[in-house]
Amino acid sequence: MLPELGHFALILALLLAAVQTFFGIAGPHFGRERWIAAVRPAVAGQFVMVATAFGCLMASFITLDFSVRYVAENSNSALPIIYRISAVWGAHEGSLLLWILLLAAWTLAVAFGLSRLPEKFGARVLGVLGFVSVGFLLFTLATSNPFLRLNPAVPDGRDLNPLLQDPALAYHPPMLYMGYVGFAVAFAFACAAMLEGRMDQAWARWTRPWTTAAWCFLSMGIALGSWWAYYELGWGGYWFWDPVENASFMPWLAGTALIHSLAVTDKRGLFKSWTLLLAIIAFSLSLLGTFLVRSGVITSVHSFAADPARGVFILTFLVIIIGGALSLYAWRAPLLKSQAGFEFGSREMFLLFNNILLVVALAVVLGGTLAPLIVETLGMPTLSVGTPYFEPSFLTPILPLLALVAFGIVASWKRGRLAAHKRPLLVTFGVSLVLGLALAFGVYSGATVLTPVGFTLGLWIILTSLLDPVDRWRRKLTLSRSIVGMTIAHLGLAMAVIGITAVESFTQERDIALAQGESATFGRYEVRFDKLADVEGPNYGGVRGEFNVLYDGRPLMTLHPEKRNYWVQRSVQTEAGIGSHRGTNILIALGEDLQGGKWSVRVQLRPLVNYVWLAAFVMALGGFIAATDKRYRTVKSEATEPAPGTAGGVLEGKAG
């Protein structure tokens, strides 16, 4: 009876989420203390019920209960146990339940974290999160119930999609959803602030650690997805501008702007309008990504479902969320004015430019992603938008943004004193330029016009990021976690810039026909096809190649790409062989059997591509360190309840 128990638990979770929403919003409005006190127990109860439902579904997969339709469609008796577990979120219904579980977990964490904050404000935050939970629980129960039965049960399942039978796909969706759902917390804080009329520095300080944590999880989720696509799909790229890839990248861009805007609101009480709008946009784009993946309006290896009814439900929910939040914003707009100012050349100015350029980059990605859908809806000829559009259009705002990062790191708050930083800026730029040119034309060959630009900007960000921490260390000053985290995150950004520049400038790629015993040369590398043998796994058969890679004629490594045939789904998949030498990834993928003993083989040499994924985790590490700064765990005495209809007092923070 586990499926029935899980279904019943979801119904109870929906009722508790409705209670959480009503008491969280109505309690503070009417000043009912007992209603406010009921919110946290409802949060805990909802989490327990959702966790129970998720546990029931996972148990159904582990025990191979093929009387459950979702299990029968996404599992098989030959599927290894690790993939039975990851199959829980391997398709639409289960992944949606994972989303709801993570939302419940975030809400529970926020309920504990809000214990130091004013009760009314905390109740409003939880009330908004409850409303989001109600929407997704309704969506699940009405259109995407994972507990539907088959009568009679089938003898065996249809197996998990072979593309998803990979360790990275066991971790990628939970990480990605932690980021998506985490932005619901930033959204809830923004809505609670507008409901209460409290758009002050205290609110921004309370919001910052939650937003930063969500951004970190999303960064890691995107990196894991990119890494999986690199080696699993066989084409060897780290980014394809696929609509579903873009659907995760857009909230990341909005979240990046949001965490910088929150820093200004926390420190100086400025950018309140920016901060509120970016919080709304970040979560709205997370919902938009859900719509794109689950509505069937796009075709992608990353998409889950093709049910228009589900798309209509999500789209309606998205309209309600955006419409309600923007209505609140319009209502509170008169309270968003600030008396503080800043000079040209101050850190605030550079962070303002940061916001503008990130929003422009976001608009570029959003426009390119939605344009084919809009054209198709209007009945116009099919429009294909890919790399020729995205890369030059995206670089247009990003290149000046990277240059401004170096200035913004060293600029002072409030006053434009760039002249005082002229010497370190010029020295670091000069060193970066020399090293960038040496990398572009000395270490590597075949550089393009933008290659030294990318290397120089990346190196400049590294050097300017280290100026303040080194200066504080030399003067024996304390380095706060926020400063350490910010420095590490910017070093991660620089690492990504350098890695992407190297990959885009110096990648070598060839599709060749080789028979056993034949070889091909790539500069100082030689790839020799030595052997082909049959291979058999728990639920697949296929062939495995043995390729020896030589460097300057000396053996370097042996790679074993595979061509697998998954029996149940009758699907053929490529498993690339990948090795690394001196920072360069060597990827070999088996293509088609060309008959006569020859095989189509794809060989790629991608310098520093590992830095692209490592950079995301370095940025996430910096974000997590910054989010644990003790300032965010302290409620100042000034943070009292605001008077009705006021914007609350403006509090001065001590650190950016």
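The values are calculated or read from the model by the stated rules, or taken from the named source; none is laboratory data. What you see is a predicted model; the values in this text were computed from it and never measured. Backbone-built Cβ (ideal geometry, glycine too); neighbour counts: all protein chains shown. What goes into the accessible areas is simple: the full protein's heavy atoms, side chains included, and nothing from ligands, DNA or RNA. Shrake-Rupley method; radii C 1.70, N 1.55, O 1.52, S 1.80 Å.
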| request: Per DSSP H run of n ≥ 4, the term is -39500 (n - 2.57); total these for the chain, divide by its residue number, and report the mean residue ellipticity at 222 nm rounded to 500 deg cm²/dmol. | output: -21000 deg cm²/dmol
| note | Listed by chain and number, the aspartates and glutamates with an alpha carbon less than 19 angstrom from that of Lys476, same-chain partners under 8 positions apart left out, are Asp468
| request: Under 17 Å Cα to Cα from Lys531, which lysines show up? Leave out anything in the same chain fewer than 8 places away. | output: Lys563, Lys598
| remark: Over the range 510-609, with neighbouring protein chains present, the accessible area per residue in Å² at probe 1.4 Å is 47 Å²
| Per the 1.4 Å probe, what fraction of the accessible area of the range 166-416, in percent, lies on carbon and sulfur atoms? | 72 percent
| task | Would you calculate the separation in nanometres between label points at Ser519 and Lys422, each defined as 7 Å from the Cα along the Cα-to-beta-carbon direction? | result | 5.9 nm
| query | For Glu376 and Val484 in one chain, what is 0.36 nm times their gap in residues minus the Cα-Cα distance, to one decimal in nm? | reply | 34.1 nm
| request: Please calculate how many Å² of accessible area the range 166-416 carries per residue, with a 1.4 Å probe and no DNA, RNA or ligand atoms counted. | output: 34 Å²
| Neighbourhood charge, 15 Å Cβ-Cβ cut-off, centred on Trp241 and excluding it, Lys, Arg +1 and Asp, Glu -1 | -4
| Counting only protein heavy atoms, what percent of the accessible surface of the range 510-609 is carbon or sulfur at a 1.4 Å probe? | 43 percent
| query | Once the Cα atoms of the range 510-609 are picked out, what are the Rg and Dmax in Å? | reply | 13.8, 44
| query | How far is it, in nm, from the label point at Ala78 to the one at Phe441 when both lie 7 Å from their Cα along the line to the Cβ? | reply | 5.8 nm
| remark: If amide H atoms are modeled at 1.01 Å from N in the peptide plane, then the residues at a separation of 5 or more from Leu270, or on another chain, having amide H under 5 Å from its own are Thr265
| remark: With all protein chains present and a 1.4 Å probe, the order of Asp166, Asp468 from largest accessible area down is Asp468, Asp166
| Quick one: which of 83-96, 610-623 comes out on top by average Cβ neighbours within 10 Å, and what's the full order, highest first? | 83-96, 610-623
| query | Relative contact order (percent) for the chain, with alpha-carbon contacts under 8 angstrom and 6 or more residues of separation? | reply | 14 percent
| Which entries in Lys120/Lys337; Lys120/Lys272; Lys120/Lys267; Lys414/Lys630 show an alpha-carbon gap greater than 31 Å? | none
| note | Output ordering of 10-18, 215-223 (per-residue mean of other Cβ within 10 Å, highest first) is 215-223, 10-18
| said: Sequence gap at least 6, Cα distance under 8 Å: using those rules, report the relative contact order of the range 166-416 to the nearest whole percent. | reply: 20 percent
| field | Under 5 Å, built H, 5+ apart or other chain: amide partners of His581 | value | Ile586
| Taking θ as phi - 60°, what are the ³J(HN,Hα) couplings along the range 132-144 by the Karplus curve (6.51, -1.76, 1.60), each to the nearest whole Hz, with x for Gly and Pro? | 4, 4, 4, x, 6, 5, 4, 4, 5, 5, 7, 10, 9
| message | Net charge around Ala190, counting only other residues with Cβ within less than 12 Å of its Cβ (Lys, Arg = +1; Asp, Glu = -1)? | response | +3
| message | Could you order the peptides 191-200, 553-562 from most to least packed, using the average number of other C-beta atoms within 10 Å per residue? | response | 191-200, 553-562
